[in-house]
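Below is one structure; the comments refer to it alone.
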Amino acid sequence: MRSFTRAVIGTAAVALLATACTGTSNAPQADDDATKDVTITFWHGWSAPSEVAAIDANVKAFEAKHPNIHVKVVGNINDDKIKQALRAGGASAPDVVSSFTTDNVGSFCSSSVFSDLKPFLDKSGIDLDKTFPKPLQDYTQYEGKRCTLPLLNDAYGLYYNKTAFRAAGISAPPKTLSEFDAVAKKLTKVKGDSYSQLGFMPNFHGYESTATHFAALWNPAYFTPDGKSNLAKDPAFAAMLTWQKRLVEQLGGFAKLEKYRATFGDEFGAKNPFHTGQVAMTMDGEWRLGMARDAGVKFEIGVAPFPVPDEQADSYGKGYLSGTVIGIAGTSQKQNAAWELVKFMTTDTDAVVSFANAIHNVPSTLEAIKSPKLAADENFKVFLDIAQHPKSNTTPASPNGGAYQLTLQDFGYAHEAGKVTDLAAGLAKTDAQIDKDLAQTK
């Protein structure tokens, strides 16, 4: 499960790590003998009982194939703890680390706190293009250095209340943003100074309705070839912000929507506003299917790709992608043994499929996506298609983590609230701030 808020937890801390370590390498040579009896430590961030059980089952399957390699598993580890451990090194530091924070891959790679995986991939004869979808290859490397691999995948699409659609006389999900706006308005039921049902929550604090998730619909270029922020020069960002603000106004205005948003339950709880029927449509990841089922949602759920800009109608089917990443700690003295675990968890088809089935995520390899063992109903297949769409995309890695995304998001908050009078100038100012922050990491 990934949300923008969770994805950038630890960003500032990892940015500091990048500042302190960029240009240095404390990675020992991978000269351990992976055929000898050895114990390695694996840190991950999952904490829910079902997720922990799934990880443990995968590790046991690995140990059955590699009886000489024993794995000490430590869960519920966030990027702050990763940062502290990898800076300190020593016997208590992990050998293998997974992180929800795809935004921090740039800092992990540029600071060498995660080892370069190319020698291991070459040694094992793994062809990346035949193994992983292209967007997943992109978010697991930085400037050509691949220090992580994808460990499952998140694809974002449109969830809609089929019962509400039928009641409103809507027969199919919208495919373009103009169609989407019309449907959102038609599904909105005003009650006094609030709503009995909102077609869609467009405000940027609306859980997965973030600036970066929306921007993916335009396939934007966040940076120029020379690494400068590109928000003002790429028309995608102004188009996204203009569309979002217009929809905010059409659905009642920022203040009214914010007041209604304050009544929403927790994003990851049973009282999520989509579960309760407070919103009839939402942007979310594939995990929402299992969560809605567990919450006992009474209406029929529909899933589709999120609508695209009208001028890009031929790209319908794409979406924003993200996911968990895994790598080898640069301080590990057992890197060959650690690689065996990383390789198993990321490329063994049965391992990837069983893990995906257990925690309701999209598999991260091409073979696993096609596996007959994958538990995929018609709704889940929508996310499999989004994950493989050639126009699906993600946010690029950066040496200071997801800081540039937070800066864009802050600007989005100001814009939707009506505090920005000149959009072009505001984007240029945001570019300048992002460039200033990036310069401090060099």
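Put simply, the C-alpha atoms of segment 284-326 give a gyration tensor, and the ellipsoid matching it has half-axes of 25, 18, 5 Å, longest first. Taking a point 7 Å from the Cα of PHE268 along the Cα-to-Cβ direction, the residues of segment 285-303 with backbone N closer than 16 Å to it are 285-292, 294-295.
Against the criterion of solvent-accessible heavy-atom surface with a 1.4 angstrom probe, GLU416, GLU258 sort, most first, into GLU258, GLU416. How large is Rg over Rh for segment 38-79, taking Rg from the Cα atoms and Rh as the Kirkwood inverse mean of 1/r across Cα pairs? Taking Rg over the Kirkwood Rh, I get 1.00. Largest to smallest in accessible area, the residues LYS145, LYS130 fall in the order LYS130, LYS145 (1.4 Å probe, all protein chains included). Legend: translational diffusion of segment 188-320 by Stokes-Einstein, Rh = Kirkwood radius over C-alpha pairs, 37 °C, 0.692 mPa s; D = 202 µm²/s. Counting only protein heavy atoms and using a 1.4 Å probe, the accessible area of HIS70 comes to about 70 Å². The stretch between GLN84 and LYS123 holds 11.0 nm of extra length on full extension. This uses 0.36 nm per residue minus the Cα-Cα distance. Among rounded, prolate and oblate, which fits segment 334-442 when a ≥ b ≥ c are the square roots of the eigenvalues of its C-alpha gyration tensor, a/c under 1.5 means rounded, and a/b larger than b/c means prolate? Oblate, since a/c reaches 1.5 and b/c is not below a/b. Based on Cα contacts under 8 Å between residues 6+ apart, the chain shows a relative contact order of 29 percent.
Find the percent of Cα-Cα distances in the chain that exceed 34 Å, and round it to a whole number. Across the chain, Cα pairs with separations above 34 Å total 32 percent. When you work out D = kT/(6 pi eta Rh) for segment 119-246 at 10 °C and 1.306 mPa s, using the Kirkwood radius from C-alpha pairs as Rh and the Stokes-Einstein form, the result is 87 µm²/s. Mind checking which lysines have their Cα closer than 18 Å to the Cα of LYS381? Skip sequence neighbours fewer than 8 apart in that chain. Hits, sequence-local ones excluded: LYS162, LYS175, LYS318, LYS370, LYS373, LYS391. Against the empirical curve 2.2 N^0.38 Å, the C-alpha radius of gyration of segment 267-341 lands at a ratio of 1.69.
When the charge dipole of the chain is built from unit charges on Cβ atoms (+1 for Lys and Arg, -1 for Asp and Glu) and taken about the Cα centre, the candidate among SER92, GLN433, ALA270 whose Cα reaches farthest toward its positive end is ALA270.
Note on surface exposure: HIS66, HIS415 rank HIS66, HIS415 by accessible area, highest first, 1.4 Å probe.
A DSSP coil position with no more than 16 other Cβ atoms inside 10 Å describes the following trypsin sites (Lys or Arg not before Pro) in segment 25-106: LYS36. The gain in end-to-end length when the GLN433 to ASP377 segment is fully stretched comes to 15.7 nm, 0.36 nm per residue minus the alpha carbon separation. For segment 66-113, the equivalent ellipsoid derived from the Cα gyration tensor has semi-axes of 21, 13, 11 Å, listed largest first. Counting charges near ARG146 (Lys, Arg +1; Asp, Glu -1) among other residues having Cβ under 12 Å from its Cβ returns a value of -2. Between segment 188-241 and segment 339-392, what's the alpha-carbon centroid distance in Å? For segment 188-241 versus segment 339-392, the Cα centre distance is 28 Å.
Starting from the 7 Å offset along Cα-to-Cβ, what nm value, one decimal, do you get for the label separation of THR163 and ALA221? Taking the two extended label points, one gets 4.8 nm.
Between GLU300 and ALA425, 0.36 nm times their residue separation minus their Cα-Cα distance comes to what? Answer, rounded to one decimal: 40.5 nm.
Relative to its Kirkwood radius, the Cα radius of gyration of segment 102-155 gives an Rg/Rh of 0.95. Once C-alpha pairs closer than 8 Å and six or more residues apart are averaged by separation and normalised to the residue number of segment 147-300, the relative contact order reads 33 percent.
Can you bin segment 330-393 into rounded, prolate or oblate? Criterion: square roots of the alpha carbon gyration tensor eigenvalues sorted a ≥ b ≥ c, rounded for a/c under 1.5, prolate for a/b above b/c, oblate for the rest. Taking the square roots of the gyration eigenvalues as a ≥ b ≥ c, segment 330-393 is prolate. FRET efficiency for the ASP31 to GLU143 pair, using the beta carbon distance and R₀ = 25 Å, is estimated at 0.40. Of the Cα atoms belonging to segment 214-285, the radius of gyration and Dmax stand at 16.1, 47 Å.
The values are calculated or read from the model by the stated rules, or taken from the named source; none is laboratory data. Everything quoted here is computed from the prediction, not taken from an experiment. Don't worry about glycine lacking a Cβ; one is built from the backbone with ideal geometry, like all the others, and counts go over all protein chains shown. When the accessible area is computed, the model is the full protein with side chains, heavy atoms only, and any ligands, DNA or RNA have been set aside. Shrake-Rupley method; radii C 1.70, N 1.55, O 1.52, S 1.80 Å.
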